[in-house]
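Asks: Below is a structure I'd like to ask you about.
Bear in mind these aren't lab numbers, they're just calculated from the coordinates by the rules spelled out. Because the structure is predicted, anything quoted here is derived from the model rather than measured. Don't worry about glycine lacking a Cβ; one is built from the backbone with ideal geometry, like all the others, and counts go over all protein chains shown.
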Amino acid sequence: MFFKALSAWLISRNAEKIYCCGPIRDSDNRHSGFLQATGRGPGILSTQPFPENFMALIVQKYGGTSVADLGRIRKVAERVVTAYGAGNSVVVVLSAMAGETDRLLRLAQQVTPEPSRRELDVLLATGEQTTVSLLCIMLESMGYPATSLLGYQAEIVTNTAFGRARIVEIKAHRIKELLNQKKIVAVAGFQGRDQEGNITTLGRGGSDTSAVALAAALKADVCEIYTDVDGVYTTDPRVCDRARKLPKITYDEMLEMASLGAKVLEIRSVEFAKKFNVPVHVRSSFSEEEGTMLVAEDHDMERLVVSSVTCRKDEARITLMKVPDRPGIASKIFSPLAEAGIVVDMIIQNTRKSGLTDLTFTVMKADYLAAMAIARDVAESIGAEEVLGDEGIAKISVIGVGMRSHSGVAATMFTTLAKEGINIMMISTSEIKISCVVEEKYTELAVRVLHQAFGLDTP
Ligand code: ADP
Ligand code: ASP
Ligand code: MG
């Protein structure tokens, strides 16, 4: 697949080396990868001449810290101009300025603790409106043609789940027209419109999803995610200073990482990237360094058994003690939670001799009080002894596609935590990850010792 209808363009040559880069397209003219190779003469994959009309379509997304003030927006403009000046079509997706979405949320909550979800989306969407217009004003003042589009103008159609809307379609006619007119197009991230034309937002971190979904819809050659770290690391570099940048990571690993706490990419953006095979390059907006490429799993890939460690502190644990152990009880507990729209993550049930059982599950901290109230009601109706709640927990996970073919990862994880005296309260596994719930105060320690135990400290 990688070499199907290969078109990698020679872009410069000196006596010793050939540098080569460009999109690799399949027979459908869809990208199937992005080649960047450096080599000597015969080692190179293709040396076709650089065509006059060569043009890559690049989607660049800049996060909140990258557009935090006018100075940074100017840096973004300069980077955009570099890509545009090299002959590429450029679509820029922006977040709101750092802290702006939180500020808007606080404003609404000063009016009422439960603002209408529709109106909240209208309010939150203004954060991204500000940055795209400022970028275009900046680009025009530098002499470049640029047009900003809000989510609805870019025809990003979502369902009506205000605050967590899902993209159902991107028509993108207008973006294509503007690109044909050689305009730089700046699209407000994080937002769309539903079928009735209401403004919707995609949930926190949603600009990543806007960017990757647009890249998929436009069949872009690459989607560059510019952020405040220079790639995807073996763990959050702000938690462990031994974290190392990964040159590439599989879509599957990144999916697990995103869902288990690595907020560098929002999970739905990774789902889009995987589904539509979008080459995503996560990199820093403050340096020129190569970042991390998201790639499909490749059997020749040299891989670590565990490639990353993640943590999240946004879940809480609820236990129903001495629940009667008979059919239908679990359904009595989890059905009302589901009806209330509460997502349950981990569940464990222990058997006691006496025909009673303890049942523990986790929910998001934001749903904790509502879930506790439901659990207490259910406990009373089924005759459970008591309900215990604990908000002071963290979920620590180790992730790696190498786990598919290696045993002993769980044993290493449990032994490493035990050596530090860290008690494991809950465990869950999938094919490529193991998660343990521990006391919240051990989060950073657990991440650091696991990072070392799985050989991630040293290159
Ligand atoms: P942006 O505003 O650009 O979208 P985010 O704050 O959403 O940026 O995501 C970047 C942050 O993700 C980093 O500052 C870093 O602290 C955090 N992060 C968590 N886990 C990882 C990881 N494994 N690799 C890189 N960054 C990570
Ligand atoms: N501005 C939104 C947020 O803060 C979306 C984003 O930045 O991706 O969550
Ligand atoms: Mg983000």
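Asks: For the chain, with the dipole built from +1 on Lys and Arg beta-carbon atoms and -1 on Asp and Glu ones, taken about the Cα centre, which of 321, 306, 220 lies farthest toward the positive end?
Replies: It is 220.
Asks: What size of dipole, in debye to the nearest 20, comes out for the chain about its Cα centre when the only charges are +1 on Lys and Arg C-beta atoms and -1 on Asp and Glu C-beta atoms? Show your work: numbers first, answer last.
Replies: Values: 52 positive and 56 negative charges, 131 e Å.
That gives a dipole near 640 debye.
Asks: Also, quick follow-up: Determine ³J(HN,Hα), in whole Hz, for all residues of the range 66-79 in sequence, where each value follows from phi through the Karplus function 6.51 cos²θ - 1.76 cosθ + 1.60 and θ = phi - 60°; x replaces Gly and Pro.
Replies: Result, ordered by residue: 6, 10, 5, 8, 5, x, 6, 5, 5, 4, 4, 4, 5, 5 Hz.
Asks: Please list the non-local residues whose amide H lies under 5 Å from the amide H of residue 278, H modeled 1.01 Å from N, same-chain partners needing a gap of 5 or more.
Replies: none
Asks: Using only Cα atoms and rounding to the nearest 10 degrees, what angle (0 to 90) does helix 267-276 make with the longest principal axis of the chain?
Replies: Compared with the principal axis, the helix lies near 50 degrees.
Asks: Per residue of the range 420-431, what does 6.51 cos²θ - 1.76 cosθ + 1.60 with θ = phi - 60° give for ³J(HN,Hα)? Whole Hz please, x for Gly and Pro, Karplus curve as stated.
Replies: 8, x, 8, 7, 9, 8, 8, 9, 9, 9, 9, 4
Asks: Then there is this: Treating only the Cβ of Lys, Arg, Asp and Glu as charged (+1, +1, -1, -1), what charge dipole size does the range 328-417 show about its Cα centre? Round to the nearest 20 debye. The partial results should precede the final answer.
Replies: Working: 7 positive and 10 negative charges, 89 e Å.
Magnitude of the dipole: close to 420 debye.
Asks: Using R₀ = 45 Å, calculate the FRET efficiency as 1/(1 + (r/R₀)^6) where r is the Cβ-Cβ separation of residue 228 and residue 377; round to 0.05. Spell out each step's value before the answer.
Replies: Details: r = 44 Å, r/R0 = 0.98.
Between residue 228 and residue 377 the formula returns 0.55.
Asks: Of 210, 346, 175, which is farthest towards the positive pole of the chain's charge dipole, taken about the Cα centre with +1 and -1 on the beta-carbons of Lys, Arg and Asp, Glu respectively?
Replies: The residue sitting farthest along the positive end of the dipole is 175.
Asks: Quick one: Karplus J couplings for the range 97-106, per residue in order, coefficients 6.51, -1.76, 1.60, θ = phi - 60°, nearest Hz, x for Gly and Pro?
Replies: 4, 3, x, 5, 5, 5, 4, 5, 4, 4
Asks: While we're on this one: Hey, what angle do you get for helix 443-453 against the long axis of the chain, alpha-carbon based, 0 to 90 degrees rounded to 10?
Replies: The helix 443-453 is inclined about 70 degrees to the chain.
Asks: Could you tell me how many degrees, from 0 to 90 and to the nearest 10, lie between the Cα long axis of helix 368-382 and the main elongation axis, the longest principal axis, of the Cα atoms of the chain?
Replies: 40 degrees
Asks: With a cap of 11 neighbouring Cβ atoms within 10 Å, and only residues DSSP puts in a loop, list the trypsin sites (Lys or Arg not before Pro) found in the range 204-274. Could you put the intermediate results ahead of the total?
Replies: Values: sites: 204, 219, 238, 242, 244, 245, 248, 263, 268, 274; in loops: 204, 219, 238, 242, 244, 263.
Hits after loop and neighbour filter: 238.
Asks: What is the sum of charges, Lys and Arg at +1 and Asp and Glu at -1, for the other residues whose Cβ falls under 9 Å from the Cβ of residue 60?
Replies: Details: positive: 61, 79; negative: 224.
Its environment carries a net charge of +1.
Asks: Something else: So for 329, 225, fewest C-beta neighbours within 10 Å to most, what's the order? Working shown, then result.
Replies: Details: 329 19, 225 30.
If I rank by nearby Cβ atoms, fewest first, I get 329, 225.
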